[in-house]
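Below you'll find the structure, written out as structure tokens, and then a few comments.
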Amino acid sequence: MSTPAPLLVAQGVTKTLPEGVTLVSDINLTIDGGEFVAITGPSGSGKSSLLYLLGLLDRPTSGRVLLEGRDTAALPAPDLAAMRLARLGFVFQFHFLLPEFSTLDNVLIPIRRRAALARPAAEARARMLLDALGLAPAAEKMPDQLSGGMRQRVAVARALANDPVLLLADEPTGNLDTKNAAAVFDIFARLAKEDGRAVLVVTHDAELARRATRRVHLVDGRITSDEKN
Amino acid sequence: MRLIIDLARGMLSRRRRQTLVSVLGVALGVAFFIAITSIMRGFQTYFIQQVIDVQPHIVIKDETRSPAPQAAHMAAPDGAVAINGVKPVDRLRGIRASGERLAVLEAIPGAAAAPILTGAALLRYGSRDVTITVTGVDPTRYARVSNIEKDMLSGRLEDLRATANGLIIGDSLALRLGVQLGDTVVAVSPRGVSLQMKIVGLFHTGLATLDQSAGYVLLKVNQVLQDRPNVVNQILLRLGDVTQAEPLAREIEARFGERTESWEEQNRNILTVFVIQNAIMYSVTGAILLVAAFGIYNIISTVVFEKTRDIAILKSLGFTEGDVQLLFLAQGLIAGFLGAALGCLIGQLMIEGLAQVRFHTETPAGNDRFLLARDWRIYAIASGFAMASAALAAVIPARRAARLDPVQIIRGAA
């Protein structure tokens, strides 16, 4: 899995809405494996917009995003979906677990969609992920039977389902108390440090951002500072 | 694909009651379609069967489809010829040399042919006069193209040969005339020929027109009675394969020149009625399924509306627009499939119920119940139709779901 190219490169990424509002402007950023990057900034600074652009959920108006050296600007939507499925993982402020499915089934959805593993292997992987996040006893429970912190950890497990190279999180602790928020950030730190993934977290919580290895600060859609530990 | 179906089932399970209503709508549509089609098809099949059974499959008549061309027309085919006031010609009508034609016709595999001469005659007995249609037949040949032998109450067709001027009539006619087997009646033809005839047989077909006003005599006897020696006016043909009647009739007409009609042509008015009947039936059941389709559209639209968050997360996880569209299409198909399955079951029950119905009427054929077609193809058509309309109903909301922008939804939910 060693690629000479950096994991993620943004070159002059700009996003302007049709109404003329500029969300982010001329973002240049290079992220390598093993980095735990916090994107910080005041409300409306374009943090989330940048995350969606880097996560291939949205397309920039100009500039380009390269994932593992591959230019994504010209790729058709199904190819972007395939990259999200196999290479990226998302965690949002809201857990977005499907309410009709158990914890285990929720984690299984991306694995089954990718269809790279047979059913028993897929289930074993999902259980392993849940176990690693301390959720083994909750595997058969429904999302509405879990606490907020547990739900968010299930969402993390789902994001990790297909062993992504890049984990993107948008205010993942926004709905959590301090203790659970700290626990989630610990997980992120561990994922970056131990597994060599890149973790990109949008947060407005400066306290938590300090746990990251790198902090990118955004004001009015532009990077104003980019500091590493 | 299993995943898509699992997800679709999960989403539908949240709207169990609404799903059930849509499924019931489809089920009723399918059930009515099956029951009505079964009744109609059953009756039509029975009717056609009767027609095919009672009538010859092909009739060759002693006339041409269009009048013979005039000499002046033939002399100047491209000329502007106008002919008025063509004089009637006295000519002995009929098919002559029927023997040659019979030899050709009987060479057709599975075919039986019988020449007949029909004509009107007045039967007189005591103070009663009844006009009937007399058919002159060759008993051996005629038995092969008709069911008359089966309908004989007393006597046999062959008895015509044993008695000079034997006559076979329907039981109702015998009652009207007040004659019995062995009695002698006087037959007078429009040509003025009068013959003494002996009743040698009685038949009952169940068809009032035949039983009340038809009689059978030997072909030769009728040729004398009608004063049309050595001619027949129809050749009747019965085939092994009735579906071949129409093309065969066209072939025979092209070869012999005489107007040749298949059973389909002779009953075209009734068959046309069936076509219209079927069109009405399909529109009514189609309308029921259309209403059911709206139910499916409704449930899928509701689910799409409620599940925007789930759609967004599935897309962010790497589901394509096609996957999402398939997911909601699958929900429509599941509802359609459940409706079709339930509908087949209800339809079957309805048919069993209809089969128990008895009408207290005396019909000629002795039928006092619904004639039901039990054909798996009716179920297949109904189910296919239901599934197709369900899929169609789901397409619009499914496309809407596929086009949802996950970024906007995730922003809105945060």
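The values are calculated or read from the model by the stated rules, or taken from the named source; none is laboratory data. What you are looking at is a predicted structure, and each value in this text was computed from that prediction instead of being measured. When we count neighbours, we look across all protein chains shown, and the Cβ atoms used for this are built from the backbone with ideal geometry, even at glycine. The protein model used for the area step is the full one, side chains on, heavy atoms only, and it has no ligands, DNA or RNA in it. Shrake-Rupley method; radii C 1.70, N 1.55, O 1.52, S 1.80 Å.
For this structure, a couple of remarks:
- Taken over the alpha carbons of the protein assembly as shown as equal point scatterers, the Debye sum produces base-10 log I(q)/I(0) values at 0.09, 0.10 Å⁻¹ of -0.82, -0.94.
- With a 10 Å cut-off around each Cβ of A:162-170, the average count of Cβ atoms from other chains is 1.
- Annotated for chain B: lysine pairs at least 8 residues apart or interchain, Cα distance under 26 Å, count 7.
- The simple spin-label model puts a point 7 Å past each Cα toward its Cβ; for B:Asn84 and B:Met1 those points are separated by 7.7 nm.
- The mean sequence distance of close C-alpha pairs (under 8 Å, at least 6 residues apart), as a share of the length of chain A, puts its relative contact order at 30 percent.
- On the protein assembly as shown, 56 percent of the accessible area sits on carbon and sulfur atoms, based on a 1.4 Å probe.
- FRET E, pair B:Val395, B:Ser66, Förster distance 51 Å, beta-carbon r, rounded to 0.05: 0.40
- Accessible area buried between chains A and B, both sides summed, probe 1.4 Å, in Å² to nearest 100: 2400 Å²
- Our helix-only sum for the protein assembly as shown, with -39,500 (n - 2.57) per DSSP H run of n ≥ 4 divided by its residues, gives a mean residue ellipticity at 222 nm of -15500 deg cm²/dmol.
- On Cα atoms only, tilt of A:178-195 relative to the major axis of chain A in degrees: 80 degrees
- Residue ranges B:84-90, B:352-358 sort as B:352-358, B:84-90 when ordered by packing (mean number of other C-beta atoms within 10 Å per residue, highest first).
- Amide H within-cut-off set for A:Val219, under 5 Å, with H built and near neighbours excluded: A:Thr224
- Span-like helix ranges in chain B, DSSP H, alpha carbon extent 15 angstrom or more, Kyte mean at least 1.0: B:16-54, B:268-306, B:321-356
- Cα convex hull of chain B - mean projected area over all directions, nm²: 32.6 nm²
- Sorted from longest to shortest, the spans of the Cα atoms of the range A:1-69 along the three principal axes equal 42, 23, 18 Å.
- With all protein chains kept in place, the per residue accessible area of the protein assembly as shown amounts to 47 square angstrom at a probe of 1.4 angstrom.
- Of the peptides B:266-277, B:161-172, A:174-185, the ranking by mean beta-carbon count within 10 Å, highest at the top, reads B:161-172, A:174-185, B:266-277.
- Cα-based Lys proximity count in the range A:8-228, under 22 Å, for pairs eight or more positions apart or on separate chains: 4
- Average other protein chain Cβ within 10 Å of Cβ, residues B:4-14: 3
- Per-residue shielding of A:108-118, expressed as the average number of other chain Cβ atoms within 10 Å of the residue Cβ, stands at 3.
- Nearest-10 value in Å² for the accessible area of A:Asp105, using the 1.4 Å probe: 50 Å²
- Relative to the longest principal axis of the Cα atoms of chain A, helix A:103-114 runs at roughly 60 degrees.
- In degrees, nearest ten, helix A:119-132 long axis to first principal axis of chain A (Cα): 80 degrees
- In Å, descending, principal axis extents of the Cα set of the range A:8-228: 46, 39, 34
- A protection proxy built from the mean count of other Cβ atoms within 10 Å ranks the segments A:153-159, B:222-228, B:338-344, most packed first, as A:153-159, B:338-344, B:222-228.
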